[in-house]
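In what follows, a single structure is set out as structure tokens and then discussed.
The values are calculated or read from the model by the stated rules, or taken from the named source; none is laboratory data. Model, not experiment: these values are computed from the prediction. Neighbour counts are summed over all protein chains in view; Cβ atoms, including those assigned to glycine, are modelled from backbone coordinates with ideal geometry.
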């Protein structure tokens, strides 16, 4: 776990160099250890949400605020609407992130872009969050 390595701050800085648009299965090296980008995201998410599972939702929001190019927010209504289960770290990393990337590709293919002047502030993960939150709560 990251706390045992005393690397939380450094891992945040490292993850800020990446975006949700990247290949999350690409292996990258951090502090002499090689993992996929999504696995490093999982390490960070588990590090700040462990041991209580319900904290994962707050953690995804905190990580979006901290690393807005990589993390999209996630909550139980979205998770239940898309996957039929409550939000968890494995659902976020294994199901939601690939869905969010697919959404990004689809939005780009029809010429949509997040505006720098609206609530999305030019952020693809925030645009995906706004769409998913609306769909989960009103769709």
Residue check for residue 97: in contact (Cβ under 8 Å) with a residue 60 or more places away in the chain and either buried (at least 20 other Cβ atoms within 10 Å of the Cβ) or part of a loop (DSSP other than H, G, I, E, B) (or both): yes
Just one of the numbered conditions (1) modelled with pLDDT under 90; (2) surrounded by 18 or more Cβ atoms within 10 Å (Cβ to Cβ) is not true of residue 4; which one? (2)
Assuming residue 81 fulfils every condition listed in (1) at pLDDT 90 or above; (2) over 16 Å from the mean Cα position of the chain (by Cα); (3) assigned to a helix (DSSP H, G or I); (4) loosely packed, with under 13 Cβ neighbours inside 10 Å apart from one, which condition is it? (4)
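Looking at 87, 58, can you tell me which residue is surrounded by 15 or more Cβ atoms within 10 Å (Cβ to Cβ) and modelled with pLDDT of 85 or more?
Working: 58 fails: surrounded by 15 or more Cβ atoms within 10 Å (Cβ to Cβ).
Every option except 87 fails the conditions.
I want to confirm something. Restricting to segment 44-55 and keeping residues that are assigned to a helix (DSSP H, G or I) and farther than 19 Å from residue 21 by Cα, which single residue is modelled with the highest pLDDT? Walk me through it before giving the result.
Residues of segment 44-55 assigned to a helix (DSSP H, G or I): 44-49, 55.
Keeping just the survivors that are farther than 19 Å from residue 21 by Cα gives 46-49, 55.
Values: 46: 87, 47: 84, 48: 83, 49: 80, 55: 81.
This residue is 46.
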Members of segment 61-78 found to be crowded, with 21+ Cβ neighbours inside 10 Å and in a helix (DSSP H, G or I), listed by number: 63, 78
Could you list, in sequence order, the residues of segment 100-135 that are more than 24 Å from residue 46 (Cα to Cα) and either in contact with a strand residue (DSSP E or B) (Cβ under 8 Å, 6 or more places away or on another chain) or touching a residue at least 60 places away in the same chain (Cβ under 8 Å) (or both)? 104
So is residue 37 surrounded by 15 or more Cβ atoms within 10 Å (Cβ to Cβ), under 15 Å from residue 15 (Cα atoms), without any contact (Cβ under 8 Å) to a residue 24 or more places away in the chain and in contact with a strand residue (DSSP E or B) (Cβ under 7 Å, 6 or more places away or on another chain) or not? yes
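When you look at residue 38, is it more than 17 Å from residue 128 (Cα to Cα), at pLDDT 95 or above, under 14 Å from the mean Cα position of the chain (by Cα) and in a helix (DSSP H, G or I), yes or no? I'd like the intermediate steps shown before the answer.
On the way: more than 17 Å from residue 128 (Cα to Cα): yes; at pLDDT 95 or above: yes; under 14 Å from the mean Cα position of the chain (by Cα): yes; in a helix (DSSP H, G or I): yes.
Answer is yes for this residue.
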